[in-house]
Structure formats: structure tokens, C-alpha cells
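Undergrad: One structure, as C-alpha cells, below. Some questions next.
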2 protein chains.
Amino acid sequence: MERLRKIGFSRLTPLEEVLEKLLSRIQLNPIEEININESLNRILAADIISKIDIPPFNRSAMDGYAIRAEDSFNASPKNPKKIKYVGAIEIGETSTYKLHKDEGIKISTGAPIPEGADTVIKIEDTEIENEIIKLYISLPPGKNVSKKGEDIKLGTQLLNKGTELKAEHIALLSSLGFNKVKVRIKPKISVFSSGDELLEPGTPLQPGKIYNSNTPMISTLINIYGGRVIRGETIKDNKSVIKNKLIEAAEDSQIIIFTGGTSVGTKDYLPEIVSEAGTILTHGIAQRPGAPVLIGYLNETLIFCLPGTPVAAYISFLNITGLTIRKMLGCSALDPRTEVIATISKDVPVSGLGYLHYLRVTLEKSQEGFTAIPVKLKGSGIISSLTFSDGIVEIPPNQEGLKKGDTVKVKLFPK
Amino acid sequence: MERLRKIGFSRLTPLEEVLEKLLSRIQLNPIEEININESLNRILAADIISKIDIPPFNRSAMDGYAIRAEDSFNASPKNPKKIKYVGAIEIGETSTYKLHKDEGIKISTGAPIPEGADTVIKIEDTEIENEIIKLYISLPPGKNVSKKGEDIKLGTQLLNKGTELKAEHIALLSSLGFNKVKVRIKPKISVFSSGDELLEPGTPLQPGKIYNSNTPMISTLINIYGGRVIRGETIKDNKSVIKNKLIEAAEDSQIIIFTGGTSVGTKDYLPEIVSEAGTILTHGIAQRPGAPVLIGYLNETLIFCLPGTPVAAYISFLNITGLTIRKMLGCSALDPRTEVIATISKDVPVSGLGYLHYLRVTLEKSQEGFTAIPVKLKGSGIISSLTFSDGIVEIPPNQEGLKKGDTVKVKLFPK
């Protein structure tokens, strides 16, 4: 912590405290209604209560004859009961016929049980000749009938607001008759990467320059987390350029993300700009990588200044900006990552108590479970340390590291 | 197996055998080049080999002075060496100046080391007055310099074809200078749900009818697995209607998916239609749910007839159709699902050896790991058994069930 203090951070705030301060400011985004076919990964904005019974009617669970159970009582292969064939009901059809004593209607699986009938006898337990049906077994009332509302009762709450919609939710909603669904509008987000050394990918490499990977990476993460990128630019490290971009983007963005220029070096203008044009909420977080993060706001627009080193920017997005987006969307699970339990493969000392450390690991699966293997790293700039990892282990600020064999939680990278 | 044999399946094929026969027929889809910003979840069609070194030049890792290490030898706080200040290099700039003995150039983190210099001394280990820099420590050559190609060497293969692109891959590709990427074209897929009982969601419920949830569910799964839905319709259970739809859709679809009408009941026309219009590859799979699956082809178009019951259709898609799509795309991991290890919470007997059983489970997390809790079900039609589960445990055909405490693999639902 000494180095960062030395170069200008008066205090590094614990992540927990930052999130508390940040997320308590967030209001839910407005609601829109969209077609269910476009609702994958969107967040439900209202509880889903069934307006129908499922099945919506008493339904045959077999191909057979709809009968009155009592007409089958005491029937046996040796002593069949005989009833009269009075018609047939196919799936999708209904019958207005009301069944009388000693009558049977042929019925398909899924077709509605006609009035008067209470039971279905399977086709293989009968024989028919000259419109006389022989019943070879005795059945109790309700046999082979799926009762109206047996699966889902009208009025049941089935999905809670805040649910992220997947194929199985879309199936359930459709089966309840919904073709539209209420979700929260995606936050509009602007992304800027600042740095005089940055080149656009796809252009020729120039001396002293490197390619900007942060804008494409952050834009992709925004899509994964449910935001909408309305602007993605590489800009020069020039105070008035950055300030103008900030003020311009604040007009139509709910969130503005900068990468780079957020530390306290000579060309790190962002802290100055944000404090001049808006308000700084926090600057400097007790995490590694990712300490220089700055969070502020300008009117209603939130500003995230993430480190310029890609890995630090990636991890800070996952732990701060991503959660903010999902809070705006009303997600019940703010962090979308799958968490697995693993055993760490070796000792991991940490340098610097007081920091939350993010350890990149690969996972190896065995019969007993997962082993987490720390990825050797050389710095927070090396993107390949992410592409070659499976997820992140968080080592809390008050913990001196990990011992080989410790049980750890691995947060898999978001998909 | 007896029931299915009775109602017409002469033989149920093991899933493994079905997949072998099916997947060996699949050819890779053609390649297209797309913008990297649109490449999330697409599948790389070519290996990625770095055309540059990263860093592309010897780069300063600190704010300080670029010097010749030997000029610092024997320097100490009490006995500083003195060199001449000859200029400054900011990040993104280059200098043509060639450093001579006893000269230093001010340099920012990330800026290129000028010719002649081999070391960077940190600003805090120096003092400057009247263009004379005092060096307070002795440094070895290469100190605080990130060597050209140190992270990634030109010519290194970094990503393999078949990789599913996520934010971290997009970041890596951008950092290598790629703004476009080669991926395989999404297969065009038509989806039909047949059944006279099916109503479109969003229309009023009618007597004897139920809402069609299969078309929206299968369409969503197709999107998740990387296909493109070009047609999604609910159709009547009428032989000539279904046959015409099949023939029409085969003109422009690589895959056609039907749900419903695939068993061997009176209105199950699909086996007849596929064998008349095309060729049946397999009909009847030794799995539960999902036994009635039929797979066939018509010219180059693959036909999947999945069961009409939504859960069976869902699971069959995951285990058969989804893998087919990903094979066309050249995915190195055909099954995209995350697999976790868990302990089963209670005995699970299975009825019917010879079937691969799919057990829906919820997961509970504790300090020790995951517990998988079987979801109580009433049938393969109940979609809520999916929405209330986390994943599926597969019980192999030759296994009599699970014992409480057994270690199982849970395949989480695809996201």
C-alpha cells in the first residue's frame, strides 16, 4: 500500500465499502415490454403469475377410452364388462357429448376428458367389436387422467422479478400463454480508452504504439452483463479532449467507462477532470490488480475510470461495473458468474495485507472434484493470463495467502 | 423398453451409437470474416498466430530515466553517480536520440526505451538539478524494462480454431491488432411444432388446446448453441401439411427440427413422412426422457424429430441437436455446458435398465462442495421441473441408479 500512498492515494477503500456506497445510489431502470423470442438473458421486471391452469382441462394421459370408473368395477380378463362406443375425441378437439352410464368415448393422449367421464382405460386393456367395448380391468376414478391445474394452478407465482431469462424460462412463459414479457431497459453506456500510445486494431502497427484492446473487451463485457454500448472510442490523453468527451457522453449515457489515465501519474487527468466536471465517489480501491479505480458521477451519469492494464480493467469491470449494470436491471443475482468449489494446488503467498487479491486459476477435474491451479503471471497487463485461465479466486484482505490443499471458491469467467 | 417395443419401436439405439453415426456425417460450415465487436460466442475458424511481438518494443515498466546500466554501477545514496539529462520520452512517442555514456532520458511507463539505453532507474531513486541527474542506486542491465516479445513472441500460436470467443479472447485478439476474425457461418435452422392442440402464445386460450412452448424454447436453444432460426412455426398434425413444410424448408435449411408427432401413435406422421421424403438415420433412442427421437435427412438437410413433451424435447436438443450445430461450427468443445461435481442427496432408483436416464437436480453449495438434490417430477411435460432445476445428472444405461452420497457430475443448463 506504501507505493500507492506515495504516488498520491491518500486512502484505499475496501471493495465492500465501495460497493455499498455505489450500489445504494442505483435506481432501477424503466420497464419495457418485449417479444418473448427476444428475451434471452433479459431480466424479468415483474413476477410471473399463472393466469391459467396447466393442464387447462382434465386431460387424458393415455390413448384409450374415456369412461365412468364405476362401469369398470369388477371387470377382469375372464369377466369383462361391456360398454357402448359413442364416438372419439382427438387431441385438440373437444366434445360436447355428456357420457352416460355404460358408455365409452375413444380418446387420444392429451385430449380433454368429456363430461360424465372420470377415468381413461388404456386401449390395450380393452377390445372393441361392433361398437361394443370390452373392459378387461377395473379402474379407480381418476385413473390415467391429468387433472386440470394439476401441474400449475391458476394464480401460482412461478417466476420472480429479477430472474435472468434462459431457454427453460422462455418455455415456461410460452406454455402459460405469454408472448411478451416485461423487462428493464438496458442502460446506455459509453466506453472510452485514453492513451497516446493506443492504436485501433486493424491499422498498421507504429513505433512506440500498442493496440487498444480495452474498448472491444469492455464493450463485450457490457453486452454480457446486459448493458448497451452506444459509443466506443479510443481518445488521446489530453485533458480538454477527455473532459469534452465526458460532458458530451453524460448527455445520453447512464454509465461512462474510461480505461487508462486513472492513476495519479503526470498524464492521469481523469481524477482532476471528474472532480472538476462532476463528483468523485471513490478513488483507489484496496484490491490487486485494480487499485487505481475511480468512481464518480456527473448529474445522473455514473463514471467508472478503470485501470488501463487490461487484466485490471477486466477484473474491476466484473467486480464493480458489471454489478452496477445488473443492479439497474433489477437482477436478483448481481454477479452472474458460476462459482465452483476447488482445492488449491499449491501455496499462494500474498504480498501486501489489506488488499483483496484476485488470483487467476485454471481448473482440473478429477473424480473427487476440481483442483485450482494458479496461473503464473507477470503483470496485470498480460491478457493471455485471462484467456488461459478458467476463473478467479478471491483472497480476502485479512488473509495472508492460501495453503496447498485449501478449499477455495472459483468464480468462473462470465459467458 | 417393453412398452415402447410394444407400441412399435423395434429397437432403441444407445445414444452413444446414435451420436457416432450422426456426427460422423457432419461437415464443417463455410467460413466468414466478421468484425471483432460482433464475435462474442462465435467459434474461431482458424488458429490465431501472433503477427507481432508484445510488447512490440523494449518498454519502460516505470516512470524514471532510461540509462546505460553501467553508468549506475557502484552508485549509492551516499555516493550518487551523476549523468546528463538529454530529454524526455512520453508514452506513445519514440525518440531517435541515441544515448551516449553518462546520459539519461526521462521516460514514462509504457514508453519505448531509446537506443543505447538498457535500463530504467525509478524517479524516486534519483534527483535532478540543472539538467544533472543524480543516480542513488546501482542497477543491473535490463532492470525495469519489459523486453520486446517478452509477453508474446511473434509467431506464437495463441488461440486454436474451435475456440468459443468470450470477452477475454476478444481482448487478446484486439491486442494483437485483429479487428476482424474468421468464424464459421451459423447453420440455418427451421423449427416446426406440430399438434392440433397447439395454440400460439398471446392468443386467447381455447377449449381442449394448450399453448405451444416448444417453438420459442427450441428457437432460444438454437441461438444459445450458435445456430440461426430462419423459420419457426406451429403447424397442424396433418400429413400433407407436415410433408410439404419439410420439403419446403429443406430447400434453405441445414437443419429442420420438428417437435411432436414423432412417436408411433395414430397421429405420429413424422416417421412415415421422413422415410417417404428422405431417409431415416435412427428412430428410437435408449434414453429417458426422449426415447421417441427420430433423426433423418433429406438431401443435405438434417431432420430432427424431437418429442412433443417440452422436457424431453429440451434434453434431446442438448444431447443431440445442440452437439450437431456445434460440430458444424467446428467447436472444440461440442457440449458447452459447465460440469460440476456433486454429492447426491438421496437414493435414486431407476426403472428400466438399458436406458440412459436424465435426472434433473438442484444444487446446494456448502463449504465442502455441492449437493445435488433430485427434483421431484411428475412427467417429462412439466417445464417447471426445468426452471426449478440447475442441471442434469446422467445415469448410464448399465447402472441401476444412484446411492445417497454417490459422487455425480452435474451438467449445468446452458446459458
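No lab work stands behind these numbers, since they all come straight from the coordinates. Computed from a prediction, not measured in an experiment: that's the story for all the values here. Every residue, glycine among them, receives a Cβ derived from its backbone with ideal geometry; neighbour counts consider all protein chains shown.
Undergrad: Given a Förster distance of 22 angstrom, what is the FRET efficiency for A:Ser240 paired with A:Ile280, based on the Cβ-Cβ distance and rounded to 0.05? Let's see the in-between values first.
TA: Working: r = 19 Å, r/R0 = 0.87.
Efficiency for this residue pair is about 0.70.
Undergrad: In peptide B:363-370, what is the residue-averaged number of other protein chain Cβ atoms found within 10 Å of each Cβ? Could the numbers behind the result be given before it?
TA: Values: counts 0, 0, 4, 1, 3, 3, 8, 4.
Shielding by partners across B:363-370 averages 3.
Undergrad: List the residues, sorted by chain then number, that are 5 or more residues from B:Gly232 or on another chain and whose placed amide H is less than 5 Å from its amide H.
TA: B:Val191
Undergrad: While we're on this one: Mind listing the label-point distances from A:Val375 to the same position on all other copies, shortest first, one decimal in nm, points 7 Å along Cα→Cβ?
TA: 3.2
Undergrad: How much of the DSSP beta bridge set in the protein assembly as shown is antiparallel, as a percent to the nearest 5?
TA: Working: 114 of 172 bridges.
So the antiparallel bridges in the protein assembly as shown amount to around 65 percent.
Undergrad: Just counting partner chain Cβ atoms within 10 Å, what average do the residues of peptide B:50-61 show around their Cβ?
TA: Per residue, the number of nearby Cβ atoms from other chains is 3 on average.
Undergrad: So if I place +1 on the C-beta of Lys and Arg and -1 on the C-beta of Asp and Glu, and nothing else carries charge, what would the dipole magnitude of chain B be about its Cα centre? I want it in debye, nearest 20.
TA: 740 debye
Undergrad: Right, here's the next one. Sort shortest first the distances from A:Pro140 to its counterpart in every other copy, using label points 7 Å along the Cα-to-beta-carbon line, and give them in nm.
TA: The answer, with the shortest distance listed first, is 8.4 nm.
Undergrad: What does the C-alpha gyration tensor say about the overall shape of the range B:339-412? Classify as rounded when a/c is under 1.5, otherwise prolate if a/b is larger than b/c, or oblate.
TA: Working: a/c = 1.89, a/b = 1.16, b/c = 1.63.
Here the range B:339-412 falls in the oblate category.
Undergrad: With a/c under 1.5 counting as rounded, go ahead and sort the range B:289-404 into rounded, prolate or oblate using the C-alpha gyration tensor (a ≥ b ≥ c being the square roots of the eigenvalues; past the cut-off, prolate if a/b is larger than b/c, else oblate).
TA: Prolate shape, in that a/c is at least 1.5 and a/b is the bigger ratio.
Undergrad: In addition: Taking the Cα centroid of the range B:128-148 and of the range A:83-105, what is the distance between the two, rounded to the nearest whole Å?
TA: Rounded to whole Å, the Cα centres lie 97 Å apart.
Undergrad: In whole Hz, what ³J(HN,Hα) sequence does the range B:62-75 give by Karplus (6.51, -1.76, 1.60; θ = phi - 60°), x for Gly and Pro?
TA: 9, 7, x, 10, 7, 9, 8, 3, 5, 5, 9, 3, 6, 5
Undergrad: Now, a different point. For a test of understanding, tell me how many lysine pairs in the range A:335-415 have Cα atoms under 24 Å apart, given they are 8 or more places apart or on different chains.
TA: Taking the Cα cut-off of 24 Å, the pair count is 23.
Undergrad: Placing a label point 7 Å from Cα toward Cβ, how far apart in nm is A:Asn35 from its equivalents in the other copies, listed shortest first to one decimal?
TA: Computed spacing set for this position: 2.3 nm.
Undergrad: Please average, across the residues of A:215-227, the number of beta carbons from any other chain that are within 10 Å of each residue's own beta carbon, and give a whole number.
TA: Average per residue, whole number: 5.
Undergrad: Right, another one. Please state the charge dipole magnitude for the range B:262-415, taken about the Cα centre, from unit charges on C-beta atoms (+1 on K and R, -1 on D and E), reported in debye and rounded to the nearest 20. Present the calculation step by step, with values, prior to reporting the outcome.
TA: Working: 15 positive and 13 negative charges, 83 e Å.
In debye, rounded to 20, the range B:262-415 gives about 400.
Undergrad: Based only on other Cβ atoms within 10 Å, what is the fewest-to-most ordering of B:Glu90, A:Glu300?
TA: Ascending Cβ contact count within 10 Å gives the list A:Glu300, B:Glu90.
Undergrad: Further question: Does the range B:59-146 come out rounded, prolate or oblate, given a ≥ b ≥ c as the square roots of the eigenvalues of its C-alpha gyration tensor, rounded meaning a/c under 1.5 and, failing that, prolate meaning a/b above b/c?
TA: Verdict is prolate for the range B:59-146.
Undergrad: Separate question: Assign unit charges at the C-beta atoms only (+1 for Lys and Arg, -1 for Asp and Glu), then state the dipole size of the range B:15-58 relative to its Cα centre in Debye, rounded to the nearest 20.
TA: 60 debye
Undergrad: Separation of the range B:304-365 and the range B:157-187 by C-alpha centroid, Å?
TA: 28 Å
Undergrad: Which whole-Hz couplings ³J(HN,Hα) result when phi for each residue of the range B:29-42 is put into the Karplus expression 6.51 cos²θ - 1.76 cosθ + 1.60, θ = phi - 60°, listed in order with x for Gly and Pro?
TA: 5, x, 9, 10, 10, 10, 5, 4, 5, 10, 9, 4, 6, 7
Undergrad: Okay, helix-only estimate at 222 nm for chain A: each DSSP H run of n ≥ 4 adds -39500 (n - 2.57), divide by all residues, round to 500 deg cm²/dmol; what do you get?
TA: So the helix-based figure for chain A works out to -4500 deg cm²/dmol.
Undergrad: Out of B:Ile303, A:Ile344, B:Ile43, whose Cα points farthest toward the positive end of the dipole of the protein assembly as shown (charges: +1 Lys, Arg; -1 Asp, Glu; placed on Cβ)?
TA: The one lying farthest along the dipole's positive direction is A:Ile344.
Undergrad: Mind checking which of A:Ile224, A:Ile325, A:Ile128 has the largest fluctuation in a GNM of chain A, springs on alpha carbons under 10 Å?
TA: Judging by the Gaussian network model, the answer is A:Ile128.
Undergrad: Looking only at B:Asn41, B:Asn130, B:Asn58, which one moves most when chain B is put into a Gaussian network model with springs between Cα atoms under 10 Å?
TA: Maximum among the listed residues: B:Asn130.
Undergrad: Within a 10 angstrom radius of the beta carbon, how do B:Lys78, A:Lys409 rank from fewest other beta carbons to most?
TA: Lowest count first: B:Lys78, A:Lys409.
Undergrad: At most 12 other Cβ atoms within 10 Å and a DSSP loop assignment: could you name the GluC sites (Glu not before Pro) in the range A:122-221 that fit?
TA: Listed in order of number, the matching sites are A:Glu131.
Undergrad: Still on this model: Hey, if you put +1 on the Cβ of every Lys and Arg and -1 on every Asp and Glu Cβ in chain A, which of A:Val393, A:Gly177, A:Leu99 ends up farthest toward the positive end of that dipole?
TA: Comparing the listed Cα positions along the dipole, A:Val393 ranks first.
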